[in-house]
Amino acid sequence: MSTHVEPTSLPADPSATGIPHLRLARSGLLAAGQPAPEDWARLRAMGVTRVVNLRTDAEMAGRDAAAEVEAAGMAYHAIPVDGAAGIDAANAERLRALLEGSDGTVLVHCASGNRVGGLVALAVALGGMPAEEAVELGRRAGLGSAEPQVRRQLGLPAD
């Protein structure tokens, strides 16, 4: 990842923000479930400059997330990941490019964080991080039930 701005007001316990499953995966990278429309300004105040939405259009129930995020002063990107099948090398490469091209804190979100964790693990492994370290970072970003699939893609035992 390139230079980034540290979050300015991320509480010691990110879950205290009320933003679903918000967690600091590593410096410059936040992961979460779906923020509410009123959460975007708070996230911007925390130092977020870029939002990556992994939810599909069908999951967004008519919300215009791009407009919401941009109105709060952040860049918006969508990588629609349709369930576990969408946690793949192509989507991970798209995420890797966005993470490496960011000069601020990035929030990556889906519904719960599982897809975030899976794609983060694959993305950082594509960037050269050792596979076990990538899985650990994925866990910090919310990787749960998709872990066996991610481990297989990284050439690790599914455990």
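Just one of the numbered conditions (1) within 25 Å of SER27 (Cβ to Cβ); (2) assigned to a loop (DSSP other than H, G, I, E, B) is not true of ALA97: (2).
Has the range 58-78 got any residue that is within 14 Å of ARG115 (Cα to Cα), in a loop (DSSP other than H, G, I, E, B) and either in contact with a Gly (Cβ under 7 Å, 6 or more places away or on another chain) or of a type outside the set (Ser, Thr, Tyr) (or both)? Among the residues of the range 58-78, not one is within 14 Å of ARG115 (Cα to Cα), in a loop (DSSP other than H, G, I, E, B) and either in contact with a Gly (Cβ under 7 Å, 6 or more places away or on another chain) or of a type outside the set (Ser, Thr, Tyr) (or both), which makes the answer no. Checked against (1) assigned to a helix (DSSP H, G or I); (2) at pLDDT 95 or above, VAL51 passes all but condition (1).
Determine whether ALA92 is part of a helix (DSSP H, G or I), more than 15 Å from ASN53 (Cβ to Cβ), under 12 Å from the mean Cα position of the chain (by Cα) and free of Cβ contacts under 8 Å to residues at least 60 places away in the same chain. Yes: the conditions hold for ALA92. Every condition in (1) within 15 Å of VAL106 (Cβ to Cβ); (2) modelled with pLDDT of 95 or more; (3) more than 16 Å from the chain's Cα centre (by Cα); (4) open to solvent by 40 Å² or more (accessible area, probe 1.4 Å) holds for ALA67 except the one numbered (1).
The values are calculated or read from the model by the stated rules, or taken from the named source; none is laboratory data. Because the structure is predicted, anything quoted here is derived from the model rather than measured. Cβ coordinates were reconstructed from backbone atoms using ideal geometry, including for glycine residues, and neighbour counts include every protein chain displayed. Side chains are part of the model used for accessible areas, which takes the heavy atoms of the whole protein and leaves out ligands, DNA and RNA. Shrake-Rupley method; radii C 1.70, N 1.55, O 1.52, S 1.80 Å.
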